[in-house]
Structures are given as C-alpha cells and as structure tokens.
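Engineer: Have a look at this one before I ask anything.
What follows draws every value from the coordinates through simple rules; no lab data is involved. Model, not experiment: these values are computed from the prediction. Reconstructed Cβ throughout: ideal geometry from the backbone, glycine too, with neighbour counts over all protein chains shown.
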Ligand SMILES: Nc1ncnc2c1ncn2[C@@H]1O[C@H](COP(=O)(O)OP(=O)(O)O)[C@@H](O)[C@H]1O
Ligand SMILES: [Mg+2]
C-alpha cells in the first residue's frame with residue numbers, strides 16, 4: 001500500500017513538472033476491474049460540468065474517457081505489476097480540457113480503421129474524430145493516452 005502511494009505521488013509530480021501550463025482539476029485512481037469504467041466515466045463528466053465546460057463537452061469527454069479507460073483495463077497491464085491501478089486526470093490548459101489515462105504498460109495504442117464488418121477497433125478512431133487533439137506519452141511509469149477538447153472557447 002505504501003509503495004502504491006509513493007508511486008502515485010511520484011507519477012503525479014512527474015506529470016505536472018512535465019506540463020507546467022496544465023492546471024489540475026481532478027484526479028482519480030481506479031482499480032483494474034470492469035466496474036471501474038462507470039465510475040471513471042462519471043468522474044470525468046462531473047469534473048467537466050463542475051468547471052463549466054461549454055455545451056456538450058462534458059458528455060463528449062465522458063464518451064472518449066470511457067474508450068480510453070476500457071482500453072487501459074483491456075490492454076494496459078504490465079507483467080511487473082499486473083494489478084497496478086489506472087489513473088485518470090482531468091486538467092485545463094487555456095481553452096483546452098485535457099483528459100489523461102495512465103496505465104503501467106509501455107505498449108502504445110494503435111489507431112485502427114475497422115472495416116464495416118468488424119465489431120471492434122473503433123474506440124481510438126472515435127477519439128481521433130471527436131477530439132481537438134489526442135496522443136500518447138511514454139514516461140518512466142508506463143504511458144498516458146490523452147485527448148483534448150475545446151471546452152472554454
Ligand atoms: N492502453 C493501451 N495499451 C496498449 N495498447 C492499446 C491501448 N489502447 C489501445 N491499444 C491498442 O490499440 C488498438 C486499438 O484500440 P481501439 O481503437 O480502442 O479498438 P479495440 O479496443 O476495439 O481493439 C487495440 O486493439 C490495442 O491493440
Ligand atoms: Mg477499445
């Protein structure tokens with residue numbers, strides 16, 4: 001437990017040191033289990049709503065965060081610490097709302113363009129189509145997959 005707390009403090013500090021323009025609005029750690037996706041989704045929508053993100057941005061943020069958190073649970077575990085939690089952060093950089101989903105695995109996402117008959121492979125395509133910007137960033141603790149939405153035009 002103490003180890004987990006130390007790791008989370010180091011990761012949080014690392015993130016804000018690397019992004020000095022980012023104001024933190026909220027942070028949540030979720031356990032690696034399917035039930036976590038619903039609470040992560042609510043969390044992102046609530047933070048965006050509390051900070052008065054414009055129009056339908058809270059719902060779009062919720063949808064895209066849901067895709068990234070599902071991916072983090074499906075693909076983002078590491079051999080070293082298979083049960084390591086996933087961290088969801090919401091922040092603001094000027095007019096942009098940034099949602100960042102961190103997992104402990106260093107494999108990076110691959111954008112797929114699913115064909116009409118495929119039943120999966122659309123999550124990141126939706127993130128790409130609806131966000132202002134998205135990407136991933138490797139760090140000493142794993143990687144973050146993130147997106148930005150224009151929330152305070
Ligand atoms: N957090 C992640 N860690 C490692 N690989 C990922 C992660 N997120 C996505 N990927 C890779 O990118 C692919 C595309 O993801 P996505 O578009 O959400 O489609 P789907 O999840 O249906 O396969 C995944 O199949 C997986 O290989
Ligand atoms: Mg997916």
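Engineer: Can you confirm whether region 71-92 contains a residue that is in a strand (DSSP E or B) and more than 10 Å from the chain's Cα centre (by Cα)?
Structural biologist: At the first step, the residues of region 71-92 found to be in a strand (DSSP E or B) are 86-92.
Keeping just the survivors that are more than 10 Å from the chain's Cα centre (by Cα) gives 91-92.
Yes: region 71-92 contains one or more residues that are in a strand (DSSP E or B) and more than 10 Å from the chain's Cα centre (by Cα).
Engineer: Now for a separate question. Among the residues of region 31-70, count how many are surrounded by fewer than 20 Cβ atoms within 10 Å (Cβ to Cβ) and not in a helix (DSSP H, G or I).
Structural biologist: 10
Engineer: Scanning for something over 25 Å from residue 26 (Cβ atoms) and surrounded by fewer than 13 Cβ atoms within 10 Å (Cβ to Cβ), does region 85-97 turn up at least one residue?
Structural biologist: Within region 85-97, the subset over 25 Å from residue 26 (Cβ atoms) is none.
Within region 85-97, none of the residues are over 25 Å from residue 26 (Cβ atoms) and surrounded by fewer than 13 Cβ atoms within 10 Å (Cβ to Cβ).
Engineer: Could you check region 124-153 and list, in sequence order, the residues that are under 15 Å from residue 86 (Cβ atoms), in contact with a helix residue (DSSP H, G or I) (Cβ under 7 Å, 6 or more places away or on another chain) and surrounded by fewer than 20 Cβ atoms within 10 Å (Cβ to Cβ)?
Structural biologist: Of everything in region 124-153, those that are under 15 Å from residue 86 (Cβ atoms), in contact with a helix residue (DSSP H, G or I) (Cβ under 7 Å, 6 or more places away or on another chain) and surrounded by fewer than 20 Cβ atoms within 10 Å (Cβ to Cβ) turn out to be 139, 141.
Engineer: Output the residues belonging to region 54-81 that are touching a residue at least 12 places away in the same chain (Cβ under 8 Å), within 14 Å of ligand 1 (Cβ to nearest atom) and within 14 Å of residue 142 (Cβ to Cβ). Before you say what the answer is, go through the steps one by one.
Structural biologist: So the first thing to find is which residues in region 54-81 are touching a residue at least 12 places away in the same chain (Cβ under 8 Å), and the list is 54, 57-73, 75-78, 80-81.
Okay, now just the ones that are also within 14 Å of ligand 1 (Cβ to nearest atom), so 63-73, 75-78.
Within region 54-81, 68, 71, 72, 73, 75, 76, 77, 78 meet the criteria.
Engineer: Could you list, in sequence order, the residues of region 109-139 that are assigned to a loop (DSSP other than H, G, I, E, B), more than 13 Å from the chain's Cα centre (by Cα) and within 14 Å of ligand 2 (Cβ to nearest atom)?
Structural biologist: Of region 109-139, the ones assigned to a loop (DSSP other than H, G, I, E, B) are 109-122, 131-132.
Still in the list and also more than 13 Å from the chain's Cα centre (by Cα): 110-122, 132.
Scanning region 109-139 gives 110, 111, 112, 113, 114, 118, 119, 120, 121, 122.
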